[in-house]
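> Just dropping this structure here.
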Amino acid sequence: MLEDEIRWAVTRVLLGRDRFGFLLAGGLDGALDLRRFLVHVVPLARTAIAQIVRLAERIPDDELRAQALTSLRSKAYHIAGAGILATFLPPMAREHYIEIVAPLEAIYDFLDSLCDRHPDTPVRAFRALHEALADALDPGRALHPYYEYGPCGDDGDYLVALVRRVRAALLRLGDYELLLPHFRTAALLYADTQTFKHLPEEERQAACIAWFNEKGGRYRDLSWWEFGAACGSQFHVYAPLYAAFCSEFDQIGKAYEAYFPALAALHVLLDSFIDQAEDAAHGELNWVTCYASNAQFIERVRELAGQARERFSDLRMPRAHVFTLRTMSLFYLTHPKIEPQGLDRQARTLLRALS
């Protein structure tokens, strides 16, 4: 599962000139940071995934159990990726950080699976389901009936258990209340983009454009689909959280703005890049296919990466955030989904653009 994906990525990086060159371009510090991530963070992610899998295996409903397990097994790399910034934390803080982001990432992926793949999830259920994310990120909120509008079936309190794990770990973080305004904004935007993105094909683009016209006023340098992609990222939750773990509470707002929208959009665009065939097969909206051409997409990747690096320079430890950008990009563009889709040449072009 996670080990297979990591092993594949590392092997491909070491054997591929373009990918190995991208790794070496980060210098000795970048190589050492990658080793620290692989040795110290990935095992924590593996342990957290195993714990969550045991929860999912107890879901009584067959379809809900299948969706939960599939989201965990096919997107284990998401949980490892959620912990990238833990690379730069001391051991105890690193473990605590993973205790928050692992179940939180499992919620993101489970909700996405329910909206994407569950055959009996109606449109009106999308927002109710996403209350789980808002509840997880705000320990003071009352829990909501997430399955009020579907899908039917008993999840054995799986989703509630994940929500409670995140909340319990957040409550152990000093001054976590300072994170709440940014968490609330991120949760609302995520629920919006997931709701509009998963509408019926004949409705979703118009709904996304109308939403962008209403909410995207500060981000007119983005297209409507880039705004939707940015709102679908988790990194503008994880970066402020990292600032709090560093006791840099004055950096929380700066961290949010450093990651949103540039890094956030880049993150989800790369995720969409490797999911093109899967999204086409299921009739899902894919953000990358909204571009007029591959050349336009590659140029926007270059520009977004440049904007992200510029914003990272305003943070106290740019190295950690540049490492996040580089590691995220390298992993997506070395993913096992690349070759079967005939995307390897384009992936290498994207790596050069990101350099």
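The values are calculated or read from the model by the stated rules, or taken from the named source; none is laboratory data. Treat the numbers as computed from the prediction; the structure is a model and nothing was measured. With ideal geometry, Cβ positions are generated from the backbone for all residues, glycine too; neighbour counts draw on all protein chains shown. When the accessible area is computed, the model is the full protein with side chains, heavy atoms only, and any ligands, DNA or RNA have been set aside. Shrake-Rupley method; radii C 1.70, N 1.55, O 1.52, S 1.80 Å.
> I'd like the accessible area for Val41: 1.4 Å probe, protein heavy atoms, all chains in place, Å² to the nearest 10.
0 Å²
> Continuing with the same structure: So for the chain, taking the charge dipole from beta-carbon charges (+1 Lys/Arg, -1 Asp/Glu), which of Phe110, Ala125, Pro261 sits furthest toward the positive end?
Pro261
> Percent relative contact order of the chain, based on C-alpha pairs within less than 8 angstrom and at least six residues apart?
The value is 17 percent.
> Then there is this: If the chain between Val39 and Leu199 were fully stretched, how many nm would it gain, using 0.36 nm times the residue separation less the Cα-Cα distance?
Once the chain is fully extended between Val39 and Leu199, it gains 53.5 nm.
> For the chain, set up a Gaussian network in which alpha carbons nearer than 10 Å are linked by springs, and say which option among Ala76, Ala128, Ala142 fluctuates the most.
Of Ala76, Ala128, Ala142, the most mobile in the Gaussian network model is Ala142.
> Return, for the Cα atoms of segment 40-136, the radius of gyration and Dmax in Å, separated by a comma.
Spelled out, the Cα radius of gyration and Dmax of segment 40-136 are 14.1, 44 Å.
> Follow-up. Under a Cβ-only charge scheme (Lys and Arg +1, Asp and Glu -1), can you give me the dipole magnitude of the chain about the Cα centre, in debye to the nearest 20?
With Lys and Arg at +1 and Asp and Glu at -1, about 1240 debye.
> Would you mind computing Rg(Cα) / (2.2 N^0.38 Å) for segment 119-244, counting N as its residues?
Cα-based Rg divided by the globular estimate yields 1.14.
> Calculate the FRET efficiency for Arg218 and Arg58 from the Cβ-Cβ distance with a Förster distance of 41 Å, rounded to the nearest 0.05.
For R0 = 41 Å, the calculated efficiency reads 0.40.
> Can you give the extra length, in nm with one decimal, that the chain gains between Met317 and Arg352 once fully stretched, where that is 0.36 nm per residue apart less the Cα-Cα distance?
10.2 nm
> Evaluate the distance, in nm, between pseudo-label points positioned 7 Å from the Cα of Ala280 and of Asp344 along their respective Cα→Cβ axes.
Going from the Ala280 label point to the Asp344 one covers 1.9 nm.
> May I ask you to derive the relative contact order of segment 33-145, considering only C-alpha pairs under 8 Å and at least 6 residues apart, and to give it as an integer percent?
27 percent
> Just Arg117, Arg19, Arg94 to compare: in a GNM of the chain, with alpha carbon springs under 10 Å, which one fluctuates most?
Among Arg117, Arg19, Arg94, the largest GNM mean-square fluctuation belongs to Arg117.
> If you line up the Cα atoms of the chain on their principal axes, what length do they span on each, largest first, in Å?
Computed over the chain, the largest-to-smallest principal extents equal 50, 47, 40 Å.
> Give the value in nm², to one decimal: projected area of the alpha carbon convex hull of segment 166-238, averaged over all directions.
5.6 nm²
> So, by mean Cβ neighbours within 10 angstrom, what's the order for 259-267, 244-252, 221-229 with the highest one leading?
In decreasing order of mean packing, 259-267, 244-252, 221-229 become 259-267, 221-229, 244-252.
> State, to one decimal in nm, how far the label point of Ala292 lies from the label point of Ser74, with both points 7 Å from Cα in the Cβ direction.
Result: 3.4 nm between the two label points.
> Mind checking which lysines have their Cα closer than 27 Å to the Cα of Lys254? Skip sequence neighbours fewer than 8 apart in that chain.
Correct list for Lys254: Lys215.
> At 1.4 Å probe size, put Glu202, Glu310 in order of accessible surface, largest to smallest.
From most accessible down to least: Glu202, Glu310.
> Follow-up. Expressed in nm to one decimal, what extension gain is obtained for the pair Leu171 and Ala207 from 0.36 nm per residue of sequence separation less their Cα-Cα distance?
Going from the current span to full extension adds 9.3 nm.
> Given a 1.4 Å probe, how much area per residue of the chain is accessible, in Å²?
41 Å²
> Another question, if that's okay. Can you spot the lysines whose alpha carbon is less than 21 Å from Lys75's alpha carbon? Ignore those fewer than 8 places along the same chain.
Lys197, Lys337
> If you don't mind, there's one more thing I want to ask. At 7 Å along the Cα-to-beta-carbon direction for both Arg302 and Ala161, put a label point, then send me their distance in nm to one decimal.
4.9 nm
> Nearest 0.05, what FRET efficiency do Glu148 and Ala25 give at R0 = 51 Å with Cβ-Cβ as r?
Efficiency for this residue pair is about 0.55.
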